[in-house]
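Below is one structure, written out as structure tokens, with a few remarks after it.
The values are calculated or read from the model by the stated rules, or taken from the named source; none is laboratory data. Note that the structure is a prediction, hence the values are computed from the model and not measured. For neighbour counting, all protein chains shown are included, and Cβ atoms are generated from backbone atoms with ideal geometry for every residue, glycine included.
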Ligand SMILES: [Zn+2]
């Protein structure tokens, strides 16, 4: 994310600016210099950029306030030269909540545009759109308002393009999620975003528009990231029951080591659990031990002589992410999965890795 600076806290939400925001000042200075603007127009242009960012901040607060309605906290709002980002603690899984939160931002721009539009049309009786893109017009307050009106319409339209990471991408996913499972809905939304990104790049190449080309590239990358993220969240929140193997070899302390090797060489299992005569789990034989024994051609007589005494018994309802963390932290290759007192399967490290990567 990079360094950010805390500006103030509004309604309990910290407002921060990204360090690259400083580039905006350079951009303003560059435009003023390039167009050789009059003092009034320079002030007008600087104010316009400021007002535009205020509109972006209000847009983000729209998201944040809608999220608050659903008891979802907003960690902070970060402003950068390319826009704002309200970082929510959680993205709601319910489509209707995601839809409301996604639409709340652009709705703020519609409200601002409507208020200014009504003032321009009904009170001042003038056009809504500036009569040209001549920045000198910004020296006049009425034209300044027309620019602010136009900017809010543009923010509204741009954000509702149905492609991640724009709000429209989330709207699209939320709508698709009403009929499809969430990961699949995100996948469809990702492909739609990619089609749009191809169109952007094609138009950019034809019109030599670098900005549009970069937006196309950005959309392509971010939509893929969104899909990968949703997939990963879904996997990590799965339960052990979705990955456990109910067919497995249960070794006894009285078995010979040769029988372990034989079970291993069948190829279906890599790690094994060891039980004593009273059916208590007493250890495990991880693949590394077996490989070592085969390599050195040195088998101990009893299984007990070459086994790990680290054991873990988990419930089928355990969350996979937590179990996977525990296994890697404790160095456990295989867990016994028990429902109450009954052994119903094993959870193997490789099976977990395979499932997460799928
Ligand atoms: Zn937004």
- Message: Could you list, ordered by first residue, the pairs with Cβ atoms under 7 Å in which the first is in region 89-105 and away from the ligand (no atom under 16 Å from the Cβ) and the second is part of a loop (DSSP other than H, G, I, E, B), at least 6 apart or interchain?
- Response: 89/72; 89/73; 90/72; 95/178
- Item | Counted residues, region 279-320 - those being over 26 Å from residue 341 (Cβ atoms) and either surrounded by fewer than 18 Cβ atoms within 10 Å (Cβ to Cβ) or modelled with pLDDT under 85 (or both) | 16
- Query: Quick check: is even one residue across region 21-29 on the phi < 0 side of the Ramachandran plot, touching a residue at least 40 places away in the same chain (Cβ under 8 Å), within 16 Å of the ligand (Cβ to nearest atom) and in contact with a strand residue (DSSP E or B) (Cβ under 7 Å, 6 or more places away or on another chain)?
  - Reply: no
- Task: Pick out the one residue from 215, 221 that is loosely packed, with under 15 Cβ neighbours inside 10 Å and within 15 Å of residue 169 (Cβ to Cβ).
- Result: 221
- Out of all the residues in region 33-55, is one or more modelled with pLDDT of 90 or more and in contact with a strand residue (DSSP E or B) (Cβ under 8 Å, 6 or more places away or on another chain)? yes
- Query: So, in region 120-145, of the ones that are exposed (fewer than 14 other Cβ atoms within 10 Å of the Cβ) and at pLDDT 85 or above, which residue ends up farthest from residue 38 (Cα to Cα)?
  - Reply: 122
- Got a number for residues in region 30-63 being within 16 Å of the ligand (Cβ to nearest atom) and outside any helix (DSSP H, G or I)? 0
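Residue-by-condition table, conditions (1) away from the ligand (no atom under 13 Å from the Cβ); (2) in a helix (DSSP H, G or I); (3) in contact (Cβ under 8 Å) with a residue 60 or more places away in the chain:
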| residue | (1), (2), (3) |
| --- | --- |
| 148 | yes, yes, yes |
| 155 | no, yes, yes |
| 171 | no, yes, yes |
| 187 | yes, yes, no |
| 190 | yes, yes, no |
- Message: All but one of (1) touching a residue at least 24 places away in the same chain (Cβ under 8 Å); (2) more than 28 Å from residue 182 (Cβ to Cβ); (3) within 15 Å of the ligand (Cβ to nearest atom); (4) part of a helix (DSSP H, G or I) hold for residue 111; state the number of the condition that does not hold.
- Response: (1)
- Item | Residue ID - farthest from residue 305 (Cα to Cα), chosen from residues in region 233-251 that are touching a helix residue (DSSP H, G or I) at 6+ places or on another chain (Cβ under 8 Å) and loosely packed, with under 14 Cβ neighbours inside 10 Å | 237
- Message: Being surrounded by fewer than 21 Cβ atoms within 10 Å (Cβ to Cβ), in contact (Cβ under 8 Å) with a residue 60 or more places away in the chain and farther than 24 Å from residue 218 by Cα is the requirement here; does residue 47 meet it?
- Response: yes
